[in-house]
Amino acid sequence: MSDPADFNKEQFMYPRAKYRGEFTPENLAFNANLQEFAQRVSTLCSLETSGKIPPEETYKEIKKMWKALKASKRNLLEDRSDGTTSND
């Protein structure tokens, strides 16, 4: 079993909020992807602000992550079997 201190560090470094919207497995999965995106953007911005990575690299990485998040939205929220789609 993992060390409880590791769990506390994980919770501190990568906090997750409970999902409070309409529950569907797709909504829950997208919410997790969205929270991960937000956390990674925050980390990249901090690294760029402190001079650890250049602005252009930060921009490229965020753009790549944004494209992945859009694909996640398209796959999870717009391709529903009942034929309904969400708006962009």
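Pairs needed: first member in segment 67-88, modelled with pLDDT under 55; second member anywhere, outside any loop (DSSP other than H, G, I, E, B); C-beta distance under 6 Å; at least 6 residues apart or different chains.
Partner pairs satisfying both residue conditions: 85/78; 86/77; 86/78.
With the condition kept exactly as written, say whether any residue in segment 12-23 is assigned to a helix (DSSP H, G or I) and open to solvent by less than 90 Å² (accessible area, probe 1.4 Å).
Checking segment 12-23: not a single residue is assigned to a helix (DSSP H, G or I) and open to solvent by less than 90 Å² (accessible area, probe 1.4 Å).
Table: residues versus (1) of a type in the set (S, T, N, Q); (2) under 20 Å from residue 72 (Cβ atoms); (3) exposed (fewer than 11 other Cβ atoms within 10 Å of the Cβ).
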| position | (1), (2), (3) |
| --- | --- |
| 25 | no, yes, yes |
| 36 | no, yes, no |
| 42 | yes, yes, yes |
| 45 | no, no, no |
| 58 | yes, no, no |
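Any idea how many residues of segment 61-72 are surrounded by 12 or more Cβ atoms within 10 Å (Cβ to Cβ) and more than 25 Å from residue 18 (Cβ to Cβ)?
Going through segment 61-72 one residue at a time, the tally reaches 2.
The values are calculated or read from the model by the stated rules, or taken from the named source; none is laboratory data. The structure displayed is predicted, hence computed values, not measured ones. Quick reminder, even Gly has a Cβ in these numbers, built from the backbone with ideal geometry, and neighbours come from all protein chains shown. Heads up: the accessible areas ignore ligands, DNA and RNA and are worked out on the full protein's heavy atoms, side chains in. Shrake-Rupley method; radii C 1.70, N 1.55, O 1.52, S 1.80 Å.
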